[in-house]
1. Rank-order 64-77, 84-97 by packing density, defined as the average count of other C-beta atoms within 10 Å over each peptide's residues, highest first.
2. How long is region 22-152 along each principal axis, judged by its Cα atoms, biggest number first, in Å?
3. Quick one: if you stick a label point 7 Å off each Cα along the C-beta vector at R175 and C100, how many nm between them?
4. Starting from 0.36 nm per residue, how many nanometres of slack lie between T152 and I67 once their C-alpha separation is accounted for?
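Readers should treat all values here as calculations from the given coordinates under stated rules, not as data from a laboratory. Small disclaimer: the values here were computed from a predicted structure and weren't measured. Quick reminder, even Gly has a Cβ in these numbers, built from the backbone with ideal geometry, and neighbours come from all protein chains shown.
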Amino acid sequence: MKFFALCALLLSLSFARPAEAAILYEFSLPATGSYIPAFTIQVELDSFVTSSTAPWLNLESSSITMIGSIPFLSLSDSRIRIVADGANTTVHLQLCEEGCALLLTTGANEAYPFVFTRGESETGSFSAAAVVYSDSQLFTPNVTGTLQVTDTAPVPEPATLSLVGAGLVGAAVWRKRQR
């Protein structure tokens, strides 16, 4: 019996692996003028953004989901950049039509990003105002964007839980027989 309990415990430990955790950044803007409707961009990353050298992410990336429909938007030409630096997180945005005519941007040379006051690993909902521009003569000061940051908790797989349970039952039976 000792052998079976030991085998069950070793099996449960060898197959146990944590589920993948992810960080979900949801950036939302209300309708901007009559041309740009309200939209949300969801960016799912493996960990919190902690570097000031964060890359631009193309909107057609598999880690990005666009919620809301913007007329003439080209996902392949549009991009977002999320940068966390100490107590601030900035969001840079370039939404483009085919050929990269700007539908909406946070400014040339990343001049006017949305700056959210939050720690690098802080979750919750945050708001910030910024100026947005476009090639269509759109100039909207003080557009308030929202950043929702969620840490998705890993969920153990049912098979892992059953193996751990079997190992614990085996260890309990073995201990009881020892007495």
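1. 84-97, 64-77
2. Projected onto its principal axes, the Cα set of region 22-152 covers 37, 30, 24 Å.
3. 6.5 nm
4. Between T152 and I67, full extension yields 28.7 nm more.
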